[in-house]
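Report on one structure; see the data block that follows.
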Amino acid sequence: MKNWIKAAAVAAVGIAFSASVASAAWDKVVVATEGAYPPFNFVDKDGKLQGFDVDFTNELCKTAGVECEIVAQDWDGIIPGLLAKKYDAIIAQMSITDERKRSIDFSNYYCTTPAVFVGKDGMKIEAYKDGKVVEGALDGMVIGVQRSTTHANFLEDNFPNTEIRMYDTQDNALLDLTAGRIDATLADSGVLLEWVNSDAGKGYGFVSDTFAPVEWFGEGAGIGLRKEDQDLKELFNKALAEMLANGSYEKLNKKYFETINLHPR
Amino acid sequence: MFEDLIYVLGKYHGWLYDGLLLTLQLLVIAVAFGSLLAIPLAIARTSKNLWVQAVPFGFIYLFRGTPLIAQLFMMYYGVGQLVSNIDGIQDSWTWQYLRDPYWYCLLTFILNTAAYVAEIMRGGINNVPSGEVEAARACGMTPATTYRRIIFPRMWQIIWPAYTNDVIFTLKATSLASTVTMMELTGAARKIVARTALPYEAFISAGIIYLIIVYVLTFGFKGIEKYLRRNEVREADKKPTVKIGVQA
């Protein structure tokens with residue numbers, strides 16, 4: 001209770017003063033996370049918040065030079081809580097969408113689980129390179145994908161000479177991959193990683209780099225902020241850019257995901 | 001609503017057209033081969049020998065007693081998986097066909113249609129007036145000739161309305177093919193929904209195409225029915241034509 005009064009008071013002061021002194025106003029920020037979305041954010045057996053989002057938040061605040069307190073908040077109430085000033089930011093893998101942008105603001109995206117091709121070990125697919133689609137990279141191949149997904153749209157829009165099989169579920173596409181009826185499948189790397197590491201996925205692995213062009217896969221997850229806190233948004237964006245530049249983001253990324261690049265753009 | 005419908009048709013008619021072709025292909029092949037397969041099944045089913053009856057009975061019972069989607073999954077994922085595990089098959093020339101969902105789909109639809117049509121045919125054969133069969137025998141026709149000249153023509157007359165019904169049923173059954181990656185008409189509509197978030201417009205478009213197919217089918221089958229019944233004397237025609245004053 002005390003904290004948020006303090007934070008609100010600080011915020012109010014921050015808004016009252018001009019932007020140049022605003023960063024000084026944010027010396028204490030309360031950040032909410034969900035705590036139920038491993039490995040990004042979860043509560044460990046000692047009841048402590050853990051995960052990529054938690055480590056990221058700590059690193060971000062350190063870089064920004066502000067003191068942070070992380071609180072757990074159920075997903076349903078996470079935006080209302082922000083608007084009610086129970087905390088100042090949401091770092092909980094919240095995807096940036098137009099719908100949410102109507103009520104809150106977002107920082108630049110800080111994380112996304114990119115798309116990746118999975119196929120037999122030893123295969124190599126280069127369908128997306130240097131921010132561009134490699135035309136004809138999948139010619140003559142049979143690629144499986146779950147229907148009604150952004151991944152299906154991506155394949156259909158860019159690879160007209162590829163036989164694209166649309167499955168009702170990703171599980172069925174993986175079933176056909178092991179049966180050899182498709183050469184590879186495209187999906188969310190987080191989903192596929194689990195399968196590749198399971199017994200069912202023995203002999204199969206990531207056969208492309210991970211990629212996440214905005215036009216097809218959306219912006220990714222951002223830090224949720226109140227619309228009026230533009231100074232905090234600027235502060236976080238600057239700290240995020242610094243983390244990406246000095247390699248501390250990459251270190252965090254590697255700690256949780258060896259093979260997935262969470263910030264591919 | 002109306003503008004969205006025009007938009008869907010304008011932008012995605014190519015998908016719907018491809019879907020339509022696949023739907024018709026599945027329908028025609030399933031009905032043609034299913035009906036061919038149904039003939040021996042139906043004949044065996046009417047046999048007085050219990051052992052001869054048992055095989056078609058089991059087959060029909062199995063395919064009529066389980067949901068088509070379960071059969072499709074059993075065939076595509078179950079049989080397909082078994083086939084893919086055969087040593088060396090993935091390197092042989094047959095693999096390009098065996099990995100294709102098309103053949104599994106087609107086979108399922110053919111077997112399913114055969115089961116239903118065989119049962120319809122059995123009813124038809126049983127309802128051929130026994131007098132006609134006896135007459136054929138009395139004329140010295142062999143069983144094969146009796147089937148060809150008496151029983152089958154009669155059977156088709158009897159079963160035609162039910163058969164028409166089954167063809168329409170099969171048309172709608174083909175919509176399940178999209179669950180095993182075959183993008184027929186319903187699959188195409190689903191794909192459009194995924195793109196445009198316009199479910200009503202996409203499914204209404206597909207629905208109208210189905211209605212048109214059914215209309216054409218009904219029309220065509222009605223014509224065939226008339227042809228099949230060409231020798232039947234209608235009640236109205238039975239009035240004796242009295243010709244007065246004409247001497248033989």
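General observations
- For region B:179-194, the criterion of being surrounded by 15 or more Cβ atoms within 10 Å (Cβ to Cβ), away from chain A (no Cβ under 13 Å) and in contact with a Leu (Cβ under 9 Å, 6 or more places away or on another chain) is satisfied by at least one residue.
- Residues that are farther than 16 Å from residue A:192 by Cβ and at pLDDT 90 or above, drawn from region A:141-151: A:141, A:142
- Residues of region B:99-127 that are of a type in the set (A, V, I, L, M) and surrounded by 18 or more Cβ atoms within 10 Å (Cβ to Cβ): B:106, B:110, B:111, B:114, B:115, B:117, B:118, B:120, B:121, B:125.
- Flag if residue B:137 is at pLDDT below 95 and among the basic types (Lys, Arg): yes
- Every residue from region B:83-96 that is within 11 Å of chain A (Cβ to nearest Cβ) and aromatic (Phe, Trp, Tyr): B:95
- Filter pass, residue A:217 being crowded, with 19+ Cβ neighbours inside 10 Å, touching a strand residue (DSSP E or B) at 6+ places or on another chain (Cβ under 7 Å) and under 28 Å from residue A:236 (Cβ atoms): yes
- Residue within region A:216-224 that is among the aromatic types (Phe, Trp, Tyr), away from chain B (no Cβ under 14 Å), more than 30 Å from residue B:184 (Cβ to Cβ) and assigned to a helix (DSSP H, G or I) present: no
- A Cβ distance below 7 Å, combined with a sequence gap of six or more or placement on separate chains, defines the contacts here; from region B:131-160, residues that are of a type in the set (A, V, I, L, M) reach residues that are buried (at least 18 other Cβ atoms within 10 Å of the Cβ) and not in a helix (DSSP H, G or I) in the pairs B:151/B:128; B:155/B:128.
- Among the residues of region B:84-98, the one identified as surrounded by 13 or more Cβ atoms within 10 Å (Cβ to Cβ) and under 27 Å from the mean Cα position of the chain (by Cα) is B:98.
- Residue match in region B:147-155 (condition: aromatic (Phe, Trp, Tyr), closer than 30 Å to residue B:8 by Cα and surrounded by 13 or more Cβ atoms within 10 Å (Cβ to Cβ)): no
- Hits in region B:168-211 - residues which are under 16 Å from residue B:106 (Cβ atoms) and among the β-branched types (Val, Ile, Thr): B:170, B:174, B:179, B:180, B:181
- As a summary of the residue check, residue A:236 satisfies the conditions (1) out of contact with any helix residue (DSSP H, G or I) (no Cβ under 6 Å at 6 or more places or on another chain); (2) farther than 20 Å from residue A:41 by Cβ; (3) at pLDDT 95 or above except for the one numbered (2).
- Residue match in region A:237-255 (condition: under 26 Å from residue A:81 (Cβ atoms), crowded, with 19+ Cβ neighbours inside 10 Å, assigned by TED's automatic domain parsing to the domain that holds residue A:61 and among the basic types (Lys, Arg)): no
The values are calculated or read from the model by the stated rules, or taken from the named source; none is laboratory data. This one's a predicted model, so the numbers in the text were calculated from it and none came from an experiment. Heads up, the Cβs are rebuilt from the backbone with ideal geometry, glycines too, and the neighbour counts pull from every protein chain shown.
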